Number of protein chains: 2
Amino acid sequence: MPEELFKTVSSSRVSQVIVDQIRLLLKEERLKPGDRLPSERELCVHFGVSRVTVREALRILEASGLVEIRVGARGGAFVTTPDARQVGEGLATLLSLSPLTAAEVTEARLVVELGIVPLIVERATQEDLDDLRAMCDEHAEALERGEYTMELSADFHTRVAACTHNAAIKMLVESFHGPLLMSLRQAQTVEPQMGLLGSKEHRDFVEAVAARDLDAATATMNAHLQRTASRVKDEHAEGGPATG
Amino acid sequence: MPEELFKTVSSSRVSQVIVDQIRLLLKEERLKPGDRLPSERELCVHFGVSRVTVREALRILEASGLVEIRVGARGGAFVTTPDARQVGEGLATLLSLSPLTAAEVTEARLVVELGIVPLIVERATQEDLDDLRAMCDEHAEALERGEYTMELSADFHTRVAACTHNAAIKMLVESFHGPLLMSLRQAQTVEPQMGLLGSKEHRDFVEAVAARDLDAATATMNAHLQRTASRVKDEHAEGGPATG
DNA sequence: AATGGTTTAAGGTCATACCAAAATACCAGG
DNA sequence: CCTGGTATTTTGGTATGACCTTAAACCATT
């Protein structure tokens, strides 16, 4: 008897079938961001399954970042507008568990952030430059108040990436900064002179971009990132931060 | 009754708390890949919650690619070994739904794959070169048989990325190729002359790397990627591929 | 020893009930 | 009429307890 007659009755899990169906609706844009799915109880009768099963499907969709669930009247599952933060989070969890070393991630970051400098020099608008300069000013003030954190630095780099006017690249850089902030908390409180130097390098970079000076911009960014990279490498080579 | 004096806005969802706890165990490596979590019923009593809640937590962990669930005796939730494929999948689902254009993704890919050329030229071992040459030979044969696919090309680029000996970068490139193959299926069947040209460029690149000629390698890869990029752009600018 | 049924551990699903939160409806007091 | 508090309703969150399906291990028959 030819076995091809029997199609392997896959998907032994009903909840997964529901997930697939809703995914399909999303892909075909019959469900658009902001739309609200029927309530759990309605979905039950619609799919002819119990509420538990529907809820499991919703959990999966939620964990995939495809829907957001709100409670209360007029609550329910709402299709989310996909953004980089979710990708970054998912990437962060896996990064934090994968055998990747901080040095590797840092090097990858270096490749990306250096590689986009030409695009930035070419495409940065006046508004971009204004934003970046304003950021530098703010950071300088924060630095004086002793409130300069890695997070501010990360914001700067993200804003720089946005100057490429390429959402994929922006997403990529954001994804890198999320995990790095999470895993490299040891560098959270930036030593004053370090922050001062980094802040100055940020400003130099902005001005190089403003002058459309690719070589200067690349050199500045390179020095800036290399310094960060070497610090990361040092701290990890010495068996971890003193903070244990 | 004290009852958790400082219980911040902690998500109000018990299943999420369980997820966080298990995540923590993973992060602290108290749970390693291959380990089996207690059965659902055991987890119930352990956490003092119902089975529904435990199951939702497991669904989330499963959707996040952190555990794999097997049914039957000796079944249960097993910690998975994290790999790039999962990152790529998660990225792919979001990419396919995000407002990213193919052109943006392609440009990002271009930045990364060009940016790593210096690392490759510097670090490629003899084994790397042997592998790449073997790949080129195989692809040439496949081309003659008319079996040259985008997937083979993607394999080549992934192998090239592996020459950086940086797992993060390899993962990054893989993640790009996964979604691209999924979403840009229009270029699935490569026209013979296209494949021939691409294949030749691959070989040229390998030899440039073998000669440790950074400029030649960069130029070759740049031309190769630019050609692909422009093709993607064209096909999307013209309102979709003719193949439908 | 090989085959085939039986037990058993585990996840998958169902049904019902109740709780908690959020939006709305409603009503009393100014 | 407006304001503000209360009740109601909608909807997700959780708890129980039962039953089914799967898959491995165990056992009995041939």
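Couple of notes before you dig in:
- The set of residues from region A:210-232 being part of a helix (DSSP H, G or I), free of Cβ contacts under 8 Å to residues at least 40 places away in the same chain and either surrounded by fewer than 18 Cβ atoms within 10 Å (Cβ to Cβ) or not assigned by TED's automatic domain parsing to the domain that holds residue A:151 (or both) comprises A:215, A:216, A:219, A:223, A:227, A:230.
- Leading residue by the ranking (nearest to DNA strand C (Cβ to nearest atom)) among those in region A:17-31 that are buried (at least 17 other Cβ atoms within 10 Å of the Cβ) and assigned to a helix (DSSP H, G or I): A:18
- For residue B:34, the criteria (1) part of a loop (DSSP other than H, G, I, E, B); (2) of a type outside the set (Lys, Arg); (3) surrounded by 13 or more Cβ atoms within 10 Å (Cβ to Cβ) hold in every case but one, which is (3).
- Residue A:47, sole failed condition from (1) within 13 Å of chain B (Cβ to nearest Cβ); (2) under 18 Å from residue A:16 (Cα atoms): (1)
- Residue satisfying all of: in region A:99-151; within 14 Å of chain B (Cβ to nearest Cβ) and among the hydroxyl-bearing types (Ser, Thr, Tyr); surrounded by the most Cβ atoms within 10 Å (Cβ to Cβ) among these: A:106
- Close contacts from region A:116-138, counting a first residue that is without any contact (Cβ under 8 Å) to a residue 60 or more places away in the chain and a second that is acidic (Asp, Glu) and buried (at least 18 other Cβ atoms within 10 Å of the Cβ), with Cβ to Cβ under 9 Å and a gap of 6+ residues or different chains, come to A:119/B:107.
- The residues of region B:47-62 that are assigned to a helix (DSSP H, G or I) and either within 12 Å of DNA strand C (Cβ to nearest atom) or buried (at least 20 other Cβ atoms within 10 Å of the Cβ) (or both), listed by number, are B:51, B:52, B:53, B:54, B:55, B:56, B:57, B:58, B:59, B:60, B:61, B:62.
- Of all residue pairs spaced 6 or more apart or on separate chains, those with beta-carbon atoms under 9 Å, a first member in region A:147-158 that is in contact (Cβ under 8 Å) with a residue 40 or more places away in the chain and a second member that is in a loop (DSSP other than H, G, I, E, B) and not aliphatic (A, V, I, L, M) are A:149/A:188; A:150/A:188.
- Residue count, region A:59-85 (criterion: near DNA strand D (Cβ under 7 Å from one of its atoms) and not small (Gly, Ala, Ser)): 4
- Selected residue [modelled with pLDDT under 95 and assigned to a helix (DSSP H, G or I)] from B:109, B:133, B:74: B:109
The values are calculated or read from the model by the stated rules, or taken from the named source; none is laboratory data. Note that the structure is predicted; figures quoted are calculated from it, not measured. Cβ coordinates were reconstructed from backbone atoms using ideal geometry, including for glycine residues, and neighbour counts include every protein chain displayed.
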